[in-house]
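In what follows, a structure is listed as structure tokens, so that the remarks can point back to it.
The numbers here are math on the coordinates, done by the rules we state, and not lab data. Just so it is clear, the model here is predicted, and its values are computed rather than measured. Ideal geometry is used to build each Cβ from the backbone, glycine not excepted, and the neighbour counts take in all protein chains shown.
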Amino acid sequence: MDNDILLINQTLEGKETSFRLLVEKYQNYVFSVTLKVLKNREEAEEAAQDAFVKAYRALASFEQRSKFGTWLYQIAWRTAIDRYRARPAVSKSIDDDKNFLQIRDEEDTPAQQMQRQNTQKIVQEALDRMNPEDSALLSLYYLQEQSVKEISTITGLTESNVKVKLFRLRDALKNQLTRHLKNEVKSLI
């Protein structure tokens with residue numbers, strides 16, 4: 001039996017510590033999903049908490065047709081989108097939300113570290129200029145390594161729609177990065 005299913009069953013039997021283990025297992029991913037949509041650390045933390053509360057309340061309705069993580073990401077995605085649509089004005093966090101990219105285990109030289117940080121900054125700035133839903137789709141696929149099927153479940157889009165959007169978004173991101181880098185090169189000359 002899958003460990004998540006075991007923890008879900010224990011939670012449904014009244015063992016709240018089992019749900020805490022599920023929260024600990026998925027809290028970083030849920031937070032990443034909400035942060036990519038909301039682009040505000042405080043709001044993303046609240047949305048992640050809301051998503052876990054919603055999941056806890058709806059746990060008995062989890063039908064195991066998908067992985068628990070996919071079901072939970074779907075709740076987090078919808079919670080973040082609802083919060084994004086409900087907020088009155090765009091706000092920016094003063095926290096550095098770029099630290100949530102995966103970091104490699106091996107040690108880089110200082111020059112390699114600086115190059116990687118510069119690349120991450122440029123890509124993150126390009127993602128920030130995109131529509132939050134589009135940015136979140138790219139992040140789910142490339143940063144969270146979710147499959148097209150899982151993204152379809154999370155977002156409610158069809159798999160073919162997810163594939164088309166990812167294709168177009170990759171192209172849009174490439175064009176945006178190309179324009180940005182051309183401007184950067186011109187400023188150096």
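3J(HN,Hα) along segment 153-164, derived from phi through the Karplus expression 6.51 cos²θ - 1.76 cosθ + 1.60 where θ = phi - 60°, amounts to 5, 5, 8, x, 7, 6, 4, 5, 5, 4, 4, 5 Hz, with x in place of Gly and Pro.
Counting only other residues whose beta carbon sits under 9 Å from that of Ala47, what net charge do I get with K and R as +1, D and E as -1?
Values: positive: Arg83; negative: Glu43, Glu45, Glu46, Asp50, Asp82.
Taking every Cβ under 9 Å from that of Ala47, the sum is -4.
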